[in-house]
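Heads up: the structure comes next, in structure tokens.
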Amino acid sequence: MARDFKRQNKLAVISDLNVTPLIDLAFSLLIIFMITTPVIEQYNRIDLPSQKSSQAQEPPEVDDQFITIDANGQFQWGKNTVTQEMLEAKLDEVAESDGEQPTIHIRGDRSLKYQKIMDVVNMLKTRNLSKLSLDTKAG
């Protein structure tokens, strides 16, 4: 504890804590960490080899399916209008087919009741078709 001899009661103890050395220490540690962090991040630098290929790889063929539900609640599989029973039959065919499962895009009209879209989602869930996309208009 420091004493202030300029005050009238010269033996009174000053109870203030001098934080200037603590701030100096904090800034010193901050500078040390700012300098050492980039050095640590560059530790695993490697020079990867380049690949030169005469043939460009073709992207895989996308086999997406589209289910459209118009404002009247009518279903379309791709561009063909189908009934609910026909849609369920098409989904059964997709579920039973071998190979990779296609992504099924559901496109519902804005004015459509949401339950109609959920009915289609439930049809997909019962057939374990998990690749699903709910399409919206951009912007």
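The values are calculated or read from the model by the stated rules, or taken from the named source; none is laboratory data. Everything numeric here is computed off the predicted structure, so don't read it as measured data. Cβ placement follows ideal geometry from the backbone for every residue including glycine, while neighbour counts extend to all protein chains displayed.
Identify all residues within the range 102-115 that are surrounded by 14 or more Cβ atoms within 10 Å (Cβ to Cβ) and not hydrophobic (A, V, I, L, M, F, W, C); write none if there are none. Spell out the reasoning first.
Taking the range 102-115 first, the residues surrounded by 14 or more Cβ atoms within 10 Å (Cβ to Cβ) are 102-109, 112.
Listed by number, the residues that qualify are PRO102, THR103, HIS105, ARG107, GLY108, ASP109.
Could you check how many residues of the range 3-41 are assigned to a helix (DSSP H, G or I) and modelled with pLDDT of 70 or more? Write out each step before concluding.
Going residue by residue through the range 3-41, those that are assigned to a helix (DSSP H, G or I) are 20-41.
After this cut, where a residue has to be modelled with pLDDT of 70 or more as well, the list is 20-39.
Qualifying residue count, the range 3-41: 20.
When both residues are 6+ apart or on different chains and their Cβ atoms are under 6 Å apart, which pairs have a first residue that lies in the range 86-114 and is polar (S, T, N, Q), and a second that is in a strand (DSSP E or B)?
Final answer for the pair search is THR103/SER133.
Could you tell me which residue of the range 116-134 is surrounded by the most Cβ atoms within 10 Å (Cβ to Cβ), considering only residues that are of a type in the set (S, T, N, Q) and in contact (Cβ under 8 Å) with a residue 24 or more places away in the chain? So that I can check it myself, show each step before the final result.
Taking the range 116-134 as the starting set, the residues that turn out to be of a type in the set (S, T, N, Q) are 122, 126, 128, 130, 133.
If we keep only those that are in contact (Cβ under 8 Å) with a residue 24 or more places away in the chain as well, we get 128, 130, 133.
Numbers: ASN128: 8, SER130: 10, SER133: 12.
The qualifying residue surrounded by the most Cβ atoms within 10 Å (Cβ to Cβ) is SER133.
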